[in-house]
Amino acid sequence: MSWLAVKAVVGRELTKLFRQKARLFSSMVRPMIWLLVIGSGVGSMLSGAQQEGYLQFLVPGVLAMTLLFAALLSALTLVYDKEFGVMRMMMIAPVAHYWIVLSKLIAATITALVQALLLLIILLLIGLIDIQIALLLIPPALLTAVACASMGGLIAVFSKTLDNFAVIMNFFIFPVFFLSGALYPVSQLPDILRYVVLVNPFSYGVDLLKHAIPGTQSDFSVWTDMAILMLFSVVAIVIACWRFSRESVHEPLFHRVTKRG
């Protein structure tokens with residue numbers, strides 16, 4: 001019964017994703033601007049070999065950025081469904097409430113992976129990576145997508161409204177991205193910022209992606225990256241499921257219906 005509910009929720013989210021083709025393709029604009037405009041601009045300040053190396057260095061960071069934005073925005077549907085009444089129908093379904101969170105996180109992970117695969121195809125076409133590197137990037141991208149979706153789910157279950165979610169995102173998403181080593185090696189940061197990078201779970205997703213590209217400087221071992229990403233994902237999912245399963249969290253939803261009645 002629960003797997004049927006998961007299939008229905010995930011299917012609904014993926015149907016929306018593939019129907020909105022403009023949104024899917026426009027999601028490629030941000031990473032390409034970072035890679036080609038900002039990457040080329042910063043790279044032009046470096047010497048010849050370093051300039052080409054910097055674009056290669058940016059590939060895992062830009063891929064991780066695509067996963068982060070896609071997964072966090074996909075988690076927004078958890079709040080969106082609360083605002084527009086769809087969540088009330090899900091809540092009265094005969095399944096445990098945590099299955100709703102798990103379904104949303106699976107959908108967010110797949111959405112992030114679809115956008116990441118689209119970006120990898122573009123990078124292949126413009127010659128920044130070859131097919132071997134593209135294939136090597138997929139497993140770490142999967143682990144990073146799960147961690148990003150867990151992060152988004154955690155924010156969504158503590159957000160009461162869309163406005164609330166948007167405010168949290170603005171204060172959250174850019175510090176998480178900029179303090180992750182996606183744009184520069186962590187070892188070159190000042191000590192205080194390096195400590196922030198160390199407690200940022202997204203840093204380990206970026207670093208794991210760097211390991212898939214030969215010659216790219218990484219800051220942690222593969223095992224450290226994998227262990228921290230898996231630990232963070234499990235803890236975040238457990239907290240999100242626990243928070244969402246508390247009846248007091250959903251009282252405002254049903255009070256709204258009672259008042260309208």
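Just the number please: accessible area per residue for the range 1-246, 1.4 Å probe, all protein chains included, in Å².
Computed with neighbouring chains in place, this is 47 Å² per residue.
If each residue of separation counts as 0.36 nm, what is the full-extension length gain between Leu55 and Glu83 once their alpha-carbon separation is subtracted?
5.9 nm
When the Karplus curve 6.51 cos²θ - 1.76 cosθ + 1.60 is applied with θ = phi - 60°, which whole-Hz ³J(HN,Hα) does each residue of the range 105-116 get, with x for Gly and Pro?
Each residue of the range 105-116 in turn: 6, 5, 4, 5, 5, 5, 4, 5, 5, 4, 5, 5 Hz.
Given that just one value was derived from the coordinates, which of [x] 35, 19, 16; [y] 42, 22, 15; [z] 40, 29, 16 is semi-axes √(5λ) of the Cα gyration tensor in Å?
[x]
So which chymotrypsin sites (Phe, Trp or Tyr not before Pro) in the range 64-158 end up in coil per DSSP with only 13 or fewer other C-beta atoms within 10 Å?
Phe84
Can you compute 3J(HN,Hα) from phi for each residue in the range 187-192, using the Karplus curve 6.51 cos²θ - 1.76 cosθ + 1.60 with θ = phi - 60°, rounded to whole Hz and x for Gly and Pro?
Once θ is set to phi - 60°, the couplings for the range 187-192 become 5, 8, 7, x, 3, 5 Hz.
Using the Karplus equation 6.51 cos²θ - 1.76 cosθ + 1.60 (θ = phi - 60°), what ³J(HN,Hα) coupling, rounded to whole Hz, does each residue of the range 61-72 give in order, writing x for Gly and Pro?
Once rounded to whole Hz, the list reads x, 5, 5, 5, 4, 4, 5, 5, 5, 5, 5, 5.
Which whole-number percent is the relative contact order of the range 1-246 (Cα, under 8 Å, 6+ apart)?
Once divided by the residue count of the range 1-246, the mean separation gives 26 percent.
Excluding same-chain pairs closer than 8 in sequence, count the lysine pairs in the range 1-246 whose Cα atoms lie under 16 Å apart.
5
With a Förster radius of 41 Å, plug the Cβ-Cβ distance of Val222 and Ser245 into 1/(1 + (r/R0)^6) and report the FRET value to the nearest 0.05.
0.75
The values are calculated or read from the model by the stated rules, or taken from the named source; none is laboratory data. From a predicted model like this one, the values you see are computed outputs, not experimental measurements. No Cβ is skipped: glycine too gets one built from the backbone with ideal geometry, and neighbour counts run over all protein chains shown. Calculation scope for accessible area: heavy atoms of the full protein, side chains included, ligands and nucleic acids excluded. Shrake-Rupley method; radii C 1.70, N 1.55, O 1.52, S 1.80 Å.
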